[in-house]
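First comes the structure, then the notes that go with it.
The values are calculated or read from the model by the stated rules, or taken from the named source; none is laboratory data. Quick caveat: nothing in here was measured; it's all calculated off a predicted structure. Glycine also receives a Cβ, built like all others from the backbone with ideal geometry; neighbour counts cover every protein chain displayed. Each accessible area value is taken on the protein alone, full model and side chains, heavy atoms only, with ligands, DNA and RNA left out. Shrake-Rupley method; radii C 1.70, N 1.55, O 1.52, S 1.80 Å.
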Amino acid sequence: MSRASWWASKVRQFRTHLRAGVTPEERSALATWTAAPQRTLFDSMHVADRRHGLDVVASLRADGVTDPDALLAGLLHDAGKGDTGVWARVAYSLGQAYGPWVWRIARILPGFSAALDRLATHAETSADLAARAGCSARTVGLIRHQDAPRDPEFGELLRLADEAN
């Protein structure tokens, strides 16, 4: 990905984060394909991560995915991020693109150290939360390995849907 397209993607994500919302209809529709503990986990997520999860699910469905494990992974894959704040997320993305020196500087700011740690470990934390919410081992594995997919059928589809949203 070129620097220009990376920046365009990050600006879009920033705007989406600030304007994020989930309609009551979207939330109630989850009852048709998720269990109560999974909806509780979804409700505990930051609104931007809930919106993102719904958008990832929509992308997966648009690609013909109907597998409940893959759809749940798309919905809950960022559950472990918590309320890190938008600026810590910006710093984390910049560190991914430009190197860990960005994170070292950002850690000086109040609250950033814990937020950056949460972002760095969110896949593992999200997988653990999904397991506690009753998700299958396959869903948990898809979430845990979201950045380096291992599932031959849905791993890469999930990663691409995540990147696209």
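Just one residue in the set V56, V65 is under 22 Å from L160 (Cα atoms), within 16 Å of the chain's Cα centre (by Cα) and in contact (Cβ under 8 Å) with a residue 24 or more places away in the chain; that residue is V56. Within the bounds of the range 105-113, is there any residue that is of a type in the set (K, R), modelled with pLDDT of 95 or more, over 30 Å from S136 (Cα atoms) and in a loop (DSSP other than H, G, I, E, B)? Checked against the condition, which is being of a type in the set (K, R), modelled with pLDDT of 95 or more, over 30 Å from S136 (Cα atoms) and in a loop (DSSP other than H, G, I, E, B), the range 105-113 yields at least one hit. Tell me, please, whether a residue that is free of Cβ contacts under 8 Å to residues at least 40 places away in the same chain and either open to solvent by less than 20 Å² (accessible area, probe 1.4 Å) or within 29 Å of E153 (Cβ to Cβ) (or both) can be found in the range 72-83. No, that holds for no residue. Of all positions in the range 25-47, none carries a residue that is open to solvent by less than 60 Å² (accessible area, probe 1.4 Å), touching a His at 6+ places or on another chain (Cβ under 8 Å) and under 23 Å from L157 (Cα atoms). The listed residues are T16, T34, and the only one of them that is among the hydroxyl-bearing types (S, T, Y), part of a helix (DSSP H, G or I) and closer than 24 Å to A70 by Cβ turns out to be T16.
Restricting A114, A91, A106, A133 to residues that are open to solvent by 30 Å² or more (accessible area, probe 1.4 Å) and either β-branched (V, I, T) or over 15 Å from the mean Cα position of the chain (by Cα) (or both) narrows the list to A114.
Determine whether the range 110-132 contains at least one residue that is among the hydroxyl-bearing types (S, T, Y), closer than 22 Å to D55 by Cβ and touching a residue at least 60 places away in the same chain (Cβ under 8 Å). Steps first, please.
Step one: filter the range 110-132 for residues among the hydroxyl-bearing types (S, T, Y), giving 113, 121, 125-126.
Then drop every residue that is not closer than 22 Å to D55 by Cβ, which leaves 125-126.
Then keep just the ones that are touching a residue at least 60 places away in the same chain (Cβ under 8 Å); that gives none.
No, the range 110-132 contains no residue that is among the hydroxyl-bearing types (S, T, Y), closer than 22 Å to D55 by Cβ and touching a residue at least 60 places away in the same chain (Cβ under 8 Å).
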